[in-house]
2 protein chains.
Amino acid sequence: MTDELPARVRSGDVPAVARALSVVENDLEAAAALLEGLFDAVGRAHRVGVTGPPGAGKSTLIAALAKAWREDGRRVGILAVDPSSPFTGGALLGDRVRMMGLFGDAGVFIRSLATRGALGGLSRAVHDGADVLDAAGFDPVVVETVGVGQSELAIAGAADTVVVVVAPGSGDGVQAMKAGLLEVADLIVVNQSDREGADRLLADLRAAVDLRETGAKPAILSTTATGAEGDGGVGAVKAAIDAHRAGAAAGGALAARRAARAAARIRDEVDRRRSDAWWPGRARELERLSAAVAEGRTTAAKAAGDLLRAAAKRGAARGKP
Amino acid sequence: MTDELPARVRSGDVPAVARALSVVENDLEAAAALLEGLFDAVGRAHRVGVTGPPGAGKSTLIAALAKAWREDGRRVGILAVDPSSPFTGGALLGDRVRMMGLFGDAGVFIRSLATRGALGGLSRAVHDGADVLDAAGFDPVVVETVGVGQSELAIAGAADTVVVVVAPGSGDGVQAMKAGLLEVADLIVVNQSDREGADRLLADLRAAVDLRETGAKPAILSTTATGAEGDGGVGAVKAAIDAHRAGAAAGGALAARRAARAAARIRDEVDRRRSDAWWPGRARELERLSAAVAEGRTTAAKAAGDLLRAAAKRGAARGKP
């Protein structure tokens, strides 16, 4: 990373943004330094999480929304966190955006995010990446996840506005509601609503939403966002996303949600650093206990307790546990 | 949990196994206590991880394998960790098993595992659940994951033998290889190998495997496991799974892999307990710093550093950091 990278990101320079996102993916230390050069430019963008089961049409809807936002003169940043992108190369969203005639438009920035191994985790990379796009003046910043992995659902749920996309025909919609997506949704979009079963799905979703006891009830909208022609309800979705943010900002919910997101980031970072600091020098102890667990002589939980007790004892002997 | 649950699990009692798995999913403390009553019965089962992209036919193949193992007189335990099961209710594997005529057979135990929220994480629940099935005398214990989420891939990769299932036609196979599944695969199965594109996929996989520089090269097999009729190559897959275990046991690789799995479990448990012990009493500090991050006055990484330095200083003042 060169020292001028933060300045170039803040100026909205697209190659610099691309490079900054690579830093975020690949280099934990450099990412922290980069964000120190950006933080006071972060917080302006509306962060929109879009999630739902595979095949619900998330990419198509996002591409249609991006086109609509472009017509409003807004620069749109999109991070695709598709756990299946190892398999698809994250190509679907790019295809949809090309279809929309947005390819080569410097006002739309798309990137598939992936992290190999730990490196602070996928969640850290996504939040850092969204900060980069935010600081570069993209607004909204959309994070697309396939809401099927534990961590992926958590990532989408940390946005300012969470859009859950479902489609009729597969029974996925109601299952999604049962499975916890209801609790994170600010807006539910029934996509492909011209398909059979849409009316039933809408009725089921309305019934499920009525049962929701805590928090604001999410609005439910229908789209036929094929990306081919017409508005198909996309304008109404865009308006609902904007309205959610305006309402949340006015009522204090936006600030609360951003503080909760920040708290989770801080907790993760502290836990990671404390772990990184604790384990060096304990390799032999861990090896001995791992063999005992692997050979059925103790449990992982007991081994963990043994390690922690031994560390506390050594600490007490030195006067610092 | 009653005190007799471990004894009933060890006797192979199916309702007790079901109850033990609910304990593993829902109660961290009780799960640790339960496993203390089981650990010396753990380690006999062959743990087989089966992963691959959605739609590759994992459930069909597992059901066919289960039938073949039953014919050998083995009792088969299956844990399905399908991150999309929130959407499908995990019903697919159950359907396949019913199709195979294995429904109601006490020698086949199937369970979808899910954990809400943290609770020590999905990985912890899967490993604990596999221990329960192992102690109850199920062997093999199969863990099916859809290899699309970060944590889900890690879970499958922690098995004694890792089977990666791909199917022709979608381009998924080679992408899967590029994305890191190659590194964890002990055996690659090209399922639905009667479909167009199978020859090309096999050739691509062989080329990719030849490029693999470290570790043993995985075998590549073809199946047409429709679950409807005939062997379709399933017997060869079963034989290859058994052969992998025998070879790994003889060469010491099995013990090494089990020790690595145990080490990861111990590390996760230690990290979780240290985190649980550290945060209480720090809520106000975290709240203040979270607001600062949310308002763009600092970064999460800097806030984490501030928290850690403050804790070290207080500790030093008390003579114990």
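The values are calculated or read from the model by the stated rules, or taken from the named source; none is laboratory data. Predicted model only: the values in this text are computed from it and were never measured. Heads up, the Cβs are rebuilt from the backbone with ideal geometry, glycines too, and the neighbour counts pull from every protein chain shown. All accessible areas refer to the heavy atoms of the entire protein, side chains included, with ligands and DNA or RNA removed. Shrake-Rupley method; radii C 1.70, N 1.55, O 1.52, S 1.80 Å.
Counting only residues that are under 13 Å from B:ARG111 (Cβ atoms) and among the β-branched types (Val, Ile, Thr), which one in the stretch B:6-29 is most open to solvent (accessible area, probe 1.4 Å)?
B:VAL14
Considering only residues that are open to solvent by less than 30 Å² (accessible area, probe 1.4 Å) and more than 8 Å from chain A (Cβ to nearest Cβ), which ones fall in the stretch B:311-321?
B:ALA311
Take the residues in the stretch B:295-307 that are within 36 Å of the chain's Cα centre (by Cα) and open to solvent by less than 40 Å² (accessible area, probe 1.4 Å); name whichever of them is farthest from the other protein chains (Cβ to nearest Cβ).
Selected residue: B:GLY305.
Identify all residues within the stretch B:268-289 that are within 28 Å of the chain's Cα centre (by Cα) and at the interface with chain A (Cβ under 7 Å from one of its Cβ atoms); write none if there are none.
Within the stretch B:268-289, B:GLU269, B:VAL270, B:ASP271, B:ARG273, B:ARG274, B:SER275 meet the criteria.
Among the listed residues B:ALA56, B:ALA30, B:ALA45, identify the single one that is within 14 Å of chain A (Cβ to nearest Cβ), more than 20 Å from the chain's Cα centre (by Cα) and of a type in the set (Gly, Ala, Ser).
B:ALA30
At pLDDT below 85, within 23 Å of the chain's Cα centre (by Cα), open to solvent by 40 Å² or more (accessible area, probe 1.4 Å) and within 14 Å of chain A (Cβ to nearest Cβ) - does that describe any residue in the stretch B:161-176?
Yes: the stretch B:161-176 contains one or more residues that are at pLDDT below 85, within 23 Å of the chain's Cα centre (by Cα), open to solvent by 40 Å² or more (accessible area, probe 1.4 Å) and within 14 Å of chain A (Cβ to nearest Cβ).
Just to check your reading of the model, which residue among B:ALA264, B:ALA292, B:ALA259 is surrounded by 14 or more Cβ atoms within 10 Å (Cβ to Cβ), within 14 Å of another protein chain (Cβ to nearest Cβ) and more than 28 Å from A:ALA264 (Cβ to Cβ)?
B:ALA259
Name the pairs whose Cβ atoms lie under 9 Å apart, with the first residue in the stretch A:200-211 and among the basic types (Lys, Arg), the second surrounded by 16 or more Cβ atoms within 10 Å (Cβ to Cβ), and 6 or more positions between them or separate chains?
Close Cβ pairs satisfying both conditions: A:ARG200/A:PRO168; A:ARG206/A:ILE220.
Mind listing whichever residues of the stretch B:231-286 are in contact (Cβ under 8 Å) with a residue 60 or more places away in the chain, among the hydrophobic types (A, V, I, L, M, F, W, C) and outside any helix (DSSP H, G or I)?
Hits for the stretch B:231-286: nothing passes.
Condition check ((1) surrounded by 23 or more Cβ atoms within 10 Å (Cβ to Cβ); (2) aliphatic (A, V, I, L, M); (3) free of Cβ contacts under 8 Å to residues at least 60 places away in the same chain) across all residues:
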site	(1), (2), (3)
B:ALA31	yes, yes, no
B:LEU34	yes, yes, no
B:GLY37	no, no, yes
B:ALA41	no, yes, no
B:ARG44	no, no, no
B:VAL50	yes, yes, no
B:ALA56	yes, yes, no
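Given the conditions (1) in contact with a Leu (Cβ under 6 Å, 6 or more places away or on another chain); (2) not in a helix (DSSP H, G or I), which single one is not true for A:ALA303?
Just one mismatch for A:ALA303, condition (2).
Suppose we keep only residues that are modelled with pLDDT of 75 or more and touching a Leu at 6+ places or on another chain (Cβ under 8 Å) within the stretch B:104-123. Which one would you say is nearest to the other protein chains (Cβ to nearest Cβ)?
B:LEU122
Name the single residue that is most open to solvent (accessible area, probe 1.4 Å) among those in the stretch A:188-216 being at pLDDT 85 or above and in a loop (DSSP other than H, G, I, E, B).
A:GLU196
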